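Here is the structure we will look at.
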Amino acid sequence: MKTKEIRYLKDEYAKKLLKEEDCKEYVASIIASVLDLPKDYVVNNLKLLNNEININEHVKNQEADAVFDLDEHIVNIEINYNNSIELQTKNTGYIAQLYLTQIKPGENYPKIKPIVQINLNNYDVFNKNEFIYHSVVMETKHHIIRNKDIEIFDINIDLLNEIDYNEIEKLNERDLRWLLYIFVCGDKRLREEVYGESEMMKKVNDKIDNYQAFLNQWLYYDKEYLDNCGFEELGRQKAKKETAKKLLQMKLGTAEQIAEATGLTLDEIEDLKKEKD
């Protein structure tokens with residue numbers, strides 16, 4: 001089944017949102033719902049960690065989206081917009097790195113914090129039409145868990161596109177569908193209706209609106225500038241690339257959005273991304 005566009009489940013929105021101090025309660029609510037933990041416990045113990053967890057200096061773009069210390073756990077939340085073998089390999093690598101970095105030289109049997117990876121996906125990873133999948137390392141015949149230190153939760157955000165907002169509105173804030181519906185709802189009025197008087201969700205809504213306004217301002221300004229600067233073609237092309245580089249550095253927009261704003265091709269944007277790396 002072809003997935004629909006999920007506007008706010010993208011780097012320029014979701015990754016920023018997860019790391020905002022003002023949205024800590026919201027992130028804690030997601031984690032509490034997934035792990036079935038008391039929300040207050042998660043809020044009081046959740047600490048944002050450095051997301052640069054890759055230890056191989058020869059591999060580029062190995063930054064996790066949002067990594068947290070939760071007392072007895074390490075929680076990694078990943079935003080996955082397009083499914084691929086490369087993406088699955090990268091996410092598995094994050095789990096391995098988060099596990100290995102806890103083992104210090106000379107220590108015998110160190111206490112390892114379990115790794116929990118929560119994947120917020122714009123697709124159904126197993127194509128079984130489920131909203132949430134829970135994976136562990138398990139023996140296949142007897143279904144005996146081999147290692148309790150690694151858990152993966154895949155959330156099928158795309159499934160929320162099939163649920164009417166009136167149904168979401170009836171749910172409570174412990175329900176993961178209620179918490180994550182904000183990523184699929186592009187109508188601000190509907191979001192406000194669904195989330196009512198929730199101060200927590202008002203903060204999330206405001207952040208999303210601010211990101212959108214800032215991104216639109218950048219894209220509009222640069223397109224207007226490039227259309228009216230009157231450069232010769234060579235100078236115009238250089239200006240387009242410089243603008244695209246700046247947008248890439250500030251992580252303002254997807255490759256498609258930056259290509260549309262600057263008039264460059266997607267291949268040219270990808271080449272600029274490689275230069276940046």
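Sequentially through region 188-195, phi angles give Karplus couplings (6.51, -1.76, 1.60; θ = phi - 60°) of 4, 4, 5, 4, 5, 5, 5, 9 Hz, Gly and Pro residues having no value and appearing as x. Amide H contacts of ILE118 (H built 1.01 Å from N, in plane; Pro and chain starts excluded): ASN76, ILE77, GLU78, PHE153 sit under 5 Å, all sequence-distant by 5 or more or on other chains. First check a/c for region 26-159, with a ≥ b ≥ c the square roots of the eigenvalues of its C-alpha gyration tensor; if it is under 1.5, answer rounded, and if not, answer prolate when a/b is larger than b/c or oblate otherwise. The shape class here is rounded. Of the GluC sites (Glu not before Pro) in region 88-190, the ones in a loop by DSSP (not H, G, I, E or B) with at most 14 other beta carbons within 10 Å are GLU107, GLU130, GLU139. Within straight-line reach of LYS24, meaning a Cα separation under 19 Å, sit the following lysines at least 8 residues removed in sequence or on another chain: LYS10, LYS15, LYS16, LYS39, LYS47, LYS202, LYS203, LYS207.
For region 84-153, applying the loop criterion from DSSP together with a ceiling of 13 other beta carbons within 10 Å to the trypsin sites (Lys or Arg not before Pro) yields LYS111, LYS128, LYS141. Overall, region 11-189 carries a charge dipole of about 440 debye about its Cα centre when +1 sits on the Cβ of Lys and Arg and -1 on the Cβ of Asp and Glu, all other atoms neutral. Sequence-ordered 3J(HN,Hα) estimates for region 113-126 from the Karplus curve with 6.51, -1.76 and 1.60 and θ = phi - 60° stand at 6, x, 9, 10, 10, 10, 9, 8, 10, 8, 6, 9, 4, 10 Hz, glycine and proline given as x. Residues in region 16-22 carry Karplus couplings, in order, of 5, 4, 5, 9, 6, 4, 5 Hz; the curve used is 6.51 cos²θ - 1.76 cosθ + 1.60 with θ = phi - 60°, and Gly or Pro positions show x.
None of the figures in this text is laboratory data; all of them are computed from the coordinates on show. Every value quoted in this text rests on a predicted model; they were computed, and no experiment measured them. Every residue, glycine as well, gets a Cβ built from its backbone with ideal geometry; the counts of neighbours run over all protein chains shown.
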